[in-house]
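One structure is given below, encoded as structure tokens.
The values are calculated or read from the model by the stated rules, or taken from the named source; none is laboratory data. The shown structure was predicted, so the numbers you read here are calculated from the model rather than taken from an experiment. Glycine also receives a Cβ, built like all others from the backbone with ideal geometry; neighbour counts cover every protein chain displayed. The area values use the complete protein model at the heavy-atom level, side chains included, leaving out ligands, DNA and RNA. Shrake-Rupley method; radii C 1.70, N 1.55, O 1.52, S 1.80 Å.
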Amino acid sequence: LCAGGLRVQPGLTGERLAGMARNMTRKMRICGLRVDGAKSGIDYDPSSPGKPAAVSRFMAAIKPVIAGRYSMGPDLNMGMDELETIAHGLGLPSVKMAVAGAQGWDMTYFRSRYVVLDQEIDGWPLGKLRAGYGVAAAALAMLDHLDIPPARASATIQGFGALARAAAFELDRQGIKIVAAADRNKCLLPMNGAGLDMKRLLETSGPLLPETGFGRVAAREEIFRVPCDILIPAAVENTVTVGVAGGLQVRAVVPGANLAVTAEADCLLHRRGIPVLPDMLAGCGGSLSMEGLFAPEEHPRPDEVLAHVRARMTRLVHRVLDRSRAEHVPPSQAAMRICAEALPQPGTRPYGRTC
């Protein structure tokens, strides 16, 4: 079994997808899951009215792979509801139906588990909350490592798509002050020191921040000039470059987006004493939630799935940061060493007990 999202992104190349797929495999390894990584995508304008048809043609072309071994999920400019609607139109029960076969389940039992993703927590379906919740859990673990109580912590979030919104939701629930947020066009700053009103902001729809009524609008690059405890890049790859890293006024960086921090920027921030969690760790909430959903003997509740993500993410973050400190290497190198030490487990179920 392999797992990973489908994205729709102008200028996307096979080479970039391959890099993201390798990163997905590392996510699975660091989590100790018996699953391989994958990525798929289309070089296409996501705002085009032809997007659903383009995605349908693509999924039809790889239909046997989806049915047999590729557990597809949402990614940039693609939501889970969109994927499932298109899959049903192609006669596929689910874009994650390969999990059923890998676990040795029939589709009826698989659906009884999978429906938990539609159940809500504070108005958020688990399926939309799980990946961003993992990013928030990683940020909370980083704050614990830095000995900063959430009630006194501040964060900035670059991006306002599904991942960023879900992360912001949980950070706000934990009392962390969001002092800036950015989308692809602008940065939104609070008018006073109280932070952004995230509850109201999250009631707006779409991946773009509102232009008025929520704070001061600045250039999108301003997000990297705001002092805070945690910067969360949660949009696209190569966001934090060397030029950006040299001016950051933060205590740590917790990237939710794939390959958000360049290797050169990672090294520079390490030299500056600013820990950067590897994105393969901070971004593995979706993978951990699949373990929390499919591994237990009994059907879990949505809150139990999120509790699993929080507990596993906290242990993994501390393991990586402790090893980074002990071996005097950046967290990214510590995480890679942990991945390299992961032992393959052939002949076992992807989630839960062995066959």
Original post:
Counting pairs of alpha carbon atoms under 8 Å apart in space and at least six apart in sequence, what relative contact order in percent does the chain give?
Top reply: 17 percent
**OP:** Report relative contact order for the stretch 81-232 in percent, whole number only (criteria: Cα-Cα under 8 Å, sequence separation at least 6).
**Re:** 19 percent
**OP:** Let me know the shape class of the stretch 7-65, please: from the alpha-carbon gyration tensor, a ≥ b ≥ c as square roots of the eigenvalues, rounded when a/c is under 1.5, otherwise prolate if a/b is greater than b/c, or oblate.
**Re:** prolate
**OP:** Could you pull out every residue, at least 5 positions away or on a different chain, whose amide H is within less than 5 Å of the one on GLY37? Hs are placed 1.01 Å off N in the peptide plane, and Pro or chain starts have none.
**Re:** ALA3, THR25
Original post:
Given the rule -39500 (n - 2.57) for each run of at least 4 DSSP H residues, summed and divided by the residues of the chain, what is its mean residue ellipticity at 222 nm, to the nearest 500 deg cm²/dmol?
Top reply: -13500 deg cm²/dmol
Subject >> For CYS187, distant residues with modelled amide H under 5 Å away >> reply: ALA218, ALA219, ARG220
Original post:
Which aspartates and glutamates, on any chain, are close to LYS177 with Cα under 17 Å apart, when same-chain ones fewer than 8 places away are left out?
Top reply: ASP144, ASP147, ASP197, ASP229
Original post:
Using a cut-off of 30 Å between alpha-carbon atoms, which lysines can reach LYS96, once sequence neighbours fewer than 8 places away in the same chain are excluded?
Top reply: LYS27, LYS39, LYS51, LYS63, LYS128
Original post:
Residue by residue, what Karplus-based ³J(HN,Hα) values in Hz, rounded to whole numbers, does the stretch 58-72 have, using 6.51, -1.76 and 1.60 with θ = phi - 60° and x for Gly and Pro?
Top reply: 5, 5, 5, 5, 10, 3, x, 6, 4, 5, x, 8, 9, 8, 7
Original post:
What is the spin-label model distance, in nm, from GLU327 to ARG173 if the labels are put 7 Å beyond Cα along the C-beta direction?
Top reply: 3.4 nm
Original post:
Which order do HIS318, HIS299 take by accessible area at a 1.4 Å probe, largest first?
Top reply: HIS299, HIS318
Subject >> Heavy-atom accessible area per residue - the stretch 22-89, 1.4 Å, Å² >> reply: 45 Å²
Subject >> Reported label for calculated P(r) over Cα pairs in 20 Å bins from 0, in percent given (1) 31, 60, 9; (2) 20, 31, 23, 15, 8, 3, 0; (3) 29, 57, 14, 0 >> reply: (1)
Subject >> Bins of 10 Å from zero: percent of alpha-carbon pairs in the stretch 199-355 >> reply: 9, 30, 32, 21, 7, 1
Original post:
With each pseudo-label sitting 7 Å past Cα toward Cβ, what's the ASP106-THR13 distance in nm, one decimal?
Top reply: 4.9 nm
Subject >> Three-way shape call for the stretch 34-113 based on the alpha-carbon gyration tensor, with the a/c threshold at 1.5 >> reply: prolate
Original post:
Counting only protein chains, not ligands or nucleic acids, how are PHE110, PHE214 ordered by accessible area (probe 1.4 Å), most first?
Top reply: PHE214, PHE110
Subject >> Beta bridges by DSSP in the chain, antiparallel share as percent, to the nearest 5 >> reply: 25 percent
Subject >> Spin-label proximity, ASP122 to the stretch 291-308 - amide N less than 20 Å from point 7 Å beyond Cα toward beta carbon >> reply: 301-308
**OP:** Would you please classify the overall shape of the stretch 183-223 from the alpha carbon gyration tensor, given that a ≥ b ≥ c denote the square roots of the eigenvalues, rounded means a/c under 1.5, and beyond that prolate means a/b larger than b/c while oblate covers the rest?
**Re:** oblate
**OP:** May I ask you to evaluate 6.51 cos²θ - 1.76 cosθ + 1.60, the Karplus curve with θ = phi - 60°, for each residue of the stretch 312-320 and list the ³J(HN,Hα) values in order in whole Hz, giving x for glycine and proline?
**Re:** 5, 5, 4, 5, 5, 4, 5, 4, 5
**OP:** Restricting to the stretch 105-232, compute how many DSSP beta bridges are antiparallel as a %, nearest 5.
**Re:** 50 percent
Original post:
Going by accessible area, probe 1.4 Å, with all protein chains left in place, what is the ranking of TYR133, TYR109, largest first?
Top reply: TYR109, TYR133
**OP:** Over the stretch 254-355, average the accessible area per residue using a 1.4 Å probe and give it in Å², no decimals.
**Re:** 45 Å²
Subject >> From phi via Karplus (6.51, -1.76, 1.60), per-residue ³J(HN,Hα) for the stretch 281-291 in Hz, x at Gly/Pro >> reply: 8, 4, x, 9, x, x, 5, 5, 5, 5, 5
Original post:
What's the carbon and sulfur percent of the chain's accessible surface, probe 1.4 angstrom, rounded to a whole number?
Top reply: 53 percent
**OP:** May I ask you to give the solvent-accessible area per residue for the stretch 197-250, in square angstrom, as obtained with a 1.4 angstrom probe?
**Re:** 50 Å²
Original post:
What's the center-to-center distance, using Cα atoms, between the stretch 295-317 and the stretch 180-253 in Å?
Top reply: 29 Å
